[in-house]
Amino acid sequence: MYPESDLLPISALQHLIFCPRQCALIHIERIWMENQFTAEGRILHERVHSPEARRKGVVRVEYALPLRSLRLGLAGVADVIEFHGLGPKRGRGAEEPYPVEYKRGKPKSDDSDLIQLCAQAMCLEEMLGVSVPEGALFYGRERRRTKVQFDDGLRRGTEECAKLLHGIVASGMTPAPAYGRKCGKCSLMEACLPKPCGGRRPVSRYLSAILEEQE
Ligand code: SF4
């Protein structure tokens, strides 16, 4: 269990999966710069992140719900949590939370969106003492929901990612850049300087050292 003071943002999991150096620049060195992709994402979330509650039939919808898990050491704000009524057979007023995360663009080739959503589900389970088996991602370009099952593999991956994130932040060390295609989409390109500064220490060796320190 992590103390409240050590909780890290759920969104940092995405930064870590995208690039460990980007994660360290944002969450250790506190550097933030905006580009077209981050601006579009921010505007999308600002629209969704006005706290309010609504009801659509048997579904109660909460917007901008604060989340946290002391076990994962994470905290954040959910875009949308739907509470699905389970019917009288499951108990009067019984509801199942169903997180829905809004994303600009289209599904990514990595698991970062799945892991971020799964972390939200695990926060809800810890906070509410219920099980959250499924949620959904809504991509702006496709304008439709993709269902996500929170299976054991995804939960394990989310736990490992949260552990690694805490290890990186606790180490206070920023890995050297590893220039790649991802850098073209990175808002921190100017601060990072991946071409002139790259190659001092491979990221894989840096991550192994962090994991060894944790064990
Ligand atoms: S420019 Fe490339 S190496 Fe540097 S932080 Fe961004 S993605 Fe990582």
Original post:
Taking region 5-22 as the search range and keeping residues that are away from the ligand (no atom under 12 Å from the Cβ) and assigned to a loop (DSSP other than H, G, I, E, B), which one is modelled with the lowest pLDDT?
Top reply: Ser11
Original post:
Does at least one position in region 165-182 carry a residue that is more than 16 Å from the ligand (Cβ to nearest atom), of a type in the set (A, V, I, L, M, F, W, C) and either surrounded by fewer than 15 Cβ atoms within 10 Å (Cβ to Cβ) or in contact (Cβ under 8 Å) with a residue 12 or more places away in the chain (or both)?
Top reply: yes
Original post:
Would it be correct to say that Glu159 is within 9 Å of the ligand (Cβ to nearest atom), part of a helix (DSSP H, G or I) and either under 30 Å from Pro133 (Cα atoms) or at pLDDT 80 or above (or both)?
Top reply: no
Original post:
Is there any pair linking a residue in region 61-75 that is at pLDDT 95 or above to one that is surrounded by 17 or more Cβ atoms within 10 Å (Cβ to Cβ) and among the polar types (S, T, N, Q), with Cβ under 7 Å and at least six apart or on different chains, and which?
Top reply: Leu67/Gln120
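The values are calculated or read from the model by the stated rules, or taken from the named source; none is laboratory data. Note that the structure is predicted; figures quoted are calculated from it, not measured. All Cβ positions, even for glycine, are placed from backbone atoms using ideal geometry, and neighbour counts span all protein chains on display.
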